[in-house]
Amino acid sequence: MPADILVVGLGNPGLDYANTRHNVGADTVAELAGRHGGRLRDGLRNERSLTDEVSIGGVRVALAFPQTYYNDSGLAVAALMRRHDIDELDRLVVVHDELDLPPGRVKVKAGGGLAGNKGLKSIVAHCHGDGFVRVRIGVGKPPGRQQGADHVLRRPGKAERTELDIAIGEAADAVETIVTDGVERAMAQVNRR
């Protein structure tokens, strides 16, 4: 069934990764599903995603959380784009964690670099371009000598968890604005905070 927009939240499947910094994108898509009467569930086998379709302001939106593991997200995203007849990358919105932003900060960006994000790199490789919209949720740099991978795969402490939960709500708001009013309006509202 065609959709107007595909929104993908990056993360890793399974309870071991639930509530980690790396899964804030997936948490945002789950929040959007809940707000709009949907529920993420197993999609078609070749898509390897939890999916649902909802209506946001009269716009048909496909929501997805790839189950391929973060670094191979492009496999699922390419299959989802085919299923939902998303033939232009500007109709794809990817929500993900961002080391280069402080915890809890949300930014919207259209296209651009990958900042070492392997999930985005996989999407660019499988979808043949970087012109998709990103909703970036800051998780901050790892403390001391900790590696980025260790940092994002850990669950944050209580204070940071509260910040991230607020940011997940703001990221969901940003996606709703992208869907109903366009990416320029979302950038103007979100990026000035």
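What residue, of ASP90, ASP100, is among the acidic types (Asp, Glu), over 15 Å from the mean Cα position of the chain (by Cα) and more than 25 Å from GLY14 (Cβ to Cβ)? Full working, then the answer.
Values: ASP90 fails: over 15 Å from the mean Cα position of the chain (by Cα).
The unique qualifying residue is ASP100.
Note on region 50-75: residues that are without any contact (Cβ under 8 Å) to a residue 60 or more places away in the chain, farther than 20 Å from ALA115 by Cβ and not small (Gly, Ala, Ser) total 11.
In region 27-48, the qualifying residues are those that are touching a Ser or Thr at 6+ places or on another chain (Cβ under 8 Å) and crowded, with 17+ Cβ neighbours inside 10 Å, and the one that is nearest to GLN147 (Cα to Cα) is ARG48.
Residues in region 2-26 that are of a type in the set (A, V, I, L, M), surrounded by fewer than 24 Cβ atoms within 10 Å (Cβ to Cβ) and either on the phi > 0 side of the Ramachandran plot or in a helix (DSSP H, G or I) (or both): LEU15 only. ILE168 - would you say it is farther than 18 Å from HIS22 by Cβ and under 14 Å from the mean Cα position of the chain (by Cα)? In short, no. Screening ALA78 with (1) farther than 23 Å from GLY182 by Cα; (2) in contact (Cβ under 8 Å) with a residue 40 or more places away in the chain; (3) in contact with a His (Cβ under 7 Å, 6 or more places away or on another chain) gives one miss only, at (1). When region 108-130 is filtered for residues that are within 15 Å of the chain's Cα centre (by Cα), more than 22 Å from TYR69 (Cβ to Cβ) and without any contact (Cβ under 8 Å) to a residue 60 or more places away in the chain, only GLY111 remains.
Condition first: of a type in the set (A, V, I, L, M, F, W, C) and either at pLDDT below 95 or in contact with a His (Cβ under 7 Å, 6 or more places away or on another chain) (or both). Can you find one or more residues in region 56-66 that meet it? Step through it out loud before you land on a result.
Step one: list which residues in region 56-66 are of a type in the set (A, V, I, L, M, F, W, C), which gives 56, 59, 61-65.
Checking which are either at pLDDT below 95 or in contact with a His (Cβ under 7 Å, 6 or more places away or on another chain) (or both) leaves us with 56, 62.
Yes, the conditions are met somewhere in region 56-66.
Tell me which residues, restricted to region 27-59, are among the charged types (D, E, K, R), in contact with a helix residue (DSSP H, G or I) (Cβ under 8 Å, 6 or more places away or on another chain) and assigned to a helix (DSSP H, G or I).
Scanning region 27-59 gives ASP27, GLU31, ARG35, GLU47.
When region 5-17 is filtered for residues that are at pLDDT 95 or above and among the aliphatic types (A, V, I, L, M), the ones remaining, listed by number, are ILE5, LEU6, VAL7, VAL8, LEU10.
The values are calculated or read from the model by the stated rules, or taken from the named source; none is laboratory data. Here the structure is a predicted model, which means the values were calculated and not measured. No Cβ is skipped: glycine too gets one built from the backbone with ideal geometry, and neighbour counts run over all protein chains shown.
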